[in-house]
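Peer 1: Got a structure for you, written out below as C-alpha cells; questions coming shortly.
No lab work stands behind these numbers, since they all come straight from the coordinates. Note that the structure is predicted; figures quoted are calculated from it, not measured. Every residue, glycine among them, receives a Cβ derived from its backbone with ideal geometry; neighbour counts consider all protein chains shown.
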Amino acid sequence: MIRTLTAFFLCVTTVSLQAQPKLKIVSLNGSTTEILFALGLGEQIVGVDTSSSYPALAQKINKVGYQRTLTSEGILSFSPSHLIGTVTAGPPSTIEQLKLLSLPMLIVPEVNSPDGVENKIKLISNFVGKQKEGENLLKEFKLKMKSFQKPKLQKEVKVLFLYSRNASSIFVSGTNTPAASMIELSGAVNAVGDFTDYKPLTSESLVSANPDVILITKHSYDMLGGGKALWDIPGILTTKAGMNKSYIVMDDLLLLGFGPRLPDALKELGNKWKMID
C-alpha cells in the first residue's frame, strides 16, 4: 500500500512539473528583469530592454530597444509568451496595440520607495507563478531594508543630480524623480526643490543650488565626457562641489532602478554622505 501511494505521488509530481511549460518572457524594464532573475527565471527571458544591465547575464540577452520607444513588431519578433514592464514602457500607442492581443502582459507601477519595490516583487512573482520564490525574495528584501540606517550627519549634505545626453544637453533633477527619492531616502538633501521632474541645467541654477556634491549615473558621466567635462560646466567651479571636486558616479540601474538591490544602493550612498560630512 505504501509503495503504491509513493508511486502515485511521484507520478503526480512528475506530471505537474511536465505540465508547466517553459515561459518566453520579454522584460521591458531593468528592474523587472532584475526581479525575474532573482525569481530564478533568467533562462526563460528571451528579450529585454536596453536598461536591463543586471545581473551580467542580462546583458547577453537580445534587446528589444529602449523602453520608451518600443515597437510592437520588435517585441513580437521574439514570440513571447509573457510581457512584463513598468508604466515607463512606451510609447502609449505601442502598449495599446499589445493590449489588443491575447498575450499575457503585466505593467507594474513605478513607485520610488521600498513599498514600491515590494509591490513590484509581489505583482511579478504572482504573474509568473513564482509565489514561493517571491515570498522568499520579499523576506530577504525586507531584512536588508530593516538593516539600513540613515547616516547621522553633523550637517545636511546637499546633492545635485545631473542627467546628461551629451556635453551640451544636461538636465538637473527637481522633486518627484527616482534620483530625488534616492537622495532623500539615503539621508541627504536634494539641492533643488523648487520644481518637479527635470529641467535643463543653467549656470544660474547651479550657483543658486550650491551643492556639496554632484551625483551622476555612469551612462550620463560617459555621455558628458568624463571628469574634465564635468568641471567645465559653466558655474560649477563656484559651488562647494566644484571647489572640492566632489562628485559620485553610480551605476544607472543600481541608483535609479528601485529593484531588489535598493538597500545596497542606499547603504552605498549613505556611506558617501558620511565621507562628505
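Peer 1: With a ≥ b ≥ c taken as the square roots of the eigenvalues of the C-alpha gyration tensor of region 186-250, please select rounded if a/c is under 1.5 and otherwise prolate if a/b is larger than b/c or oblate if it is not? Intermediate results must be reported in sequence, preceding the final value.
Peer 2: Values: a/c = 1.31, a/b = 1.18, b/c = 1.11.
Here region 186-250 falls in the rounded category.
Peer 1: Something else: Rounded to a whole number, what is D in µm²/s for region 19-147 from Stokes-Einstein with the Kirkwood radius over alpha-carbon pairs (37 °C, 0.692 mPa s)? Intermediate values should be presented prior to the final figure.
Peer 2: On the way: Rh = 14.7 Å.
Diffusion coefficient, whole number: 223 µm²/s.
Peer 1: With +1 on the Cβ of every Lys and Arg and -1 on the Cβ of every Asp and Glu, and nothing else charged, how large is the dipole of the chain about its Cα centre, in debye rounded to the nearest 20?
Peer 2: Values: 29 positive and 24 negative charges, 143 e Å.
Around 680 debye, computed over the chain.
Peer 1: Let me ask something else about it. Using only alpha carbons, build the gyration tensor for region 138-206 and give me the equivalent ellipsoid semi-axes, biggest first, whole Å. Please report the intermediate quantities before stating the final value.
Peer 2: Values: eigenvalues 153, 46, 18 Å².
The three semi-axes for region 138-206 are 28, 15, 10 Å.
Peer 1: Highest mean first, how do 35-47, 95-107, 228-240 rank when packing is the count of other Cβ atoms within 10 Å averaged over residues? Don't jump to the answer; show the numbers that get you there.
Peer 2: On the way: 35-47: 20.2, 95-107: 13.9, 228-240: 15.8.
Ranked from most to least packed, the peptides come out as 35-47, 228-240, 95-107.
Peer 1: Sticking with this one: Quick one: putting +1 on the C-beta of Lys and Arg, -1 on the C-beta of Asp and Glu, what dipole do you get for region 19-147 around its Cα centre, in Debye to the nearest 20? If you can, show how the numbers build up before the last one.
Peer 2: Values: 14 positive and 11 negative charges, 51 e Å.
For region 19-147, the charge dipole is close to 240 debye.
Peer 1: How large is the dipole of region 158-276 about the Cα centre if only Lys and Arg carry +1 and Asp and Glu carry -1, each at its Cβ, rounded to the nearest 20 debye?
Peer 2: Values: 11 positive and 11 negative charges, 54 e Å.
The dipole magnitude comes to about 260 debye.
Peer 1: Sticking with this one: Among SER52, SER125, which comes first, second and so on when ranked by fewest other beta-carbon atoms within 10 Å? Display every interim value, and only then the final one.
Peer 2: Working: SER52 27, SER125 23.
Fewest-to-most Cβ neighbours within 10 Å comes out as SER125, SER52.
Peer 1: May I pose another question? Does region 48-116 come out rounded, prolate or oblate, given a ≥ b ≥ c as the square roots of the eigenvalues of its C-alpha gyration tensor, rounded meaning a/c under 1.5 and, failing that, prolate meaning a/b above b/c? Mind dumping the intermediate values first?
Peer 2: On the way: a/c = 1.71, a/b = 1.12, b/c = 1.52.
It is oblate, given that a/c is not under 1.5 and a/b is not larger than b/c.
Peer 1: Compute the Rg/Rh shape ratio of the chain: radius of gyration over Kirkwood radius, all on alpha-carbon atoms. If you can, show how the numbers build up before the last one.
Peer 2: On the way: Rg = 22.0 Å, Rh = 20.6 Å.
That ratio is 1.07, to two decimals.
Peer 1: Where does the charge balance sit around GLN59 when Lys and Arg score +1, Asp and Glu -1, over other residues with C-beta under 14 Å from its C-beta? Present the calculation step by step, with values, prior to reporting the outcome.
Peer 2: Numbers: positive: LYS60, LYS63, LYS218; negative: GLU34, ASP49, ASP251, ASP252.
Spelling it out: positives minus negatives among the neighbours equals -1.
Peer 1: Can I ask one more? Could you state the number of Å between the C-alpha centres of region 143-199 and region 221-269?
Peer 2: Centre-to-centre distance over Cα atoms comes out at 10 Å.
Peer 1: Starting at the first residue of region 211-220, write each ³J(HN,Hα) from the Karplus equation 6.51 cos²θ - 1.76 cosθ + 1.60 with θ = phi - 60°, in whole Hz, x for Gly and Pro.
Peer 2: Once rounded to whole Hz, the list reads x, 7, 8, 9, 10, 8, 7, 4, 5, 5.
Peer 1: Add +1 for every Lys or Arg and -1 for every Asp or Glu among the other residues with Cβ under 12 Å from the Cβ of PRO211, and state the total.
Peer 2: On the way: positive: LYS158, LYS240; negative: GLU156, ASP212.
My count for the surroundings of PRO211 gives 0.
Peer 1: Would you mind checking region 159-181 for residues with the amide N under 14 Å from a putative spin-label position 7 Å along Cα→C-beta of THR69?
Peer 2: 165-166
Peer 1: Per residue, how big is the convex hull of region 158-276 when only Cα atoms are used? Give it in Å³. Walk me through the numbers before you get to the answer.
Peer 2: Values: hull volume 10.1 nm³, N = 119.
So the per-residue Cα hull volume is 85 Å³.
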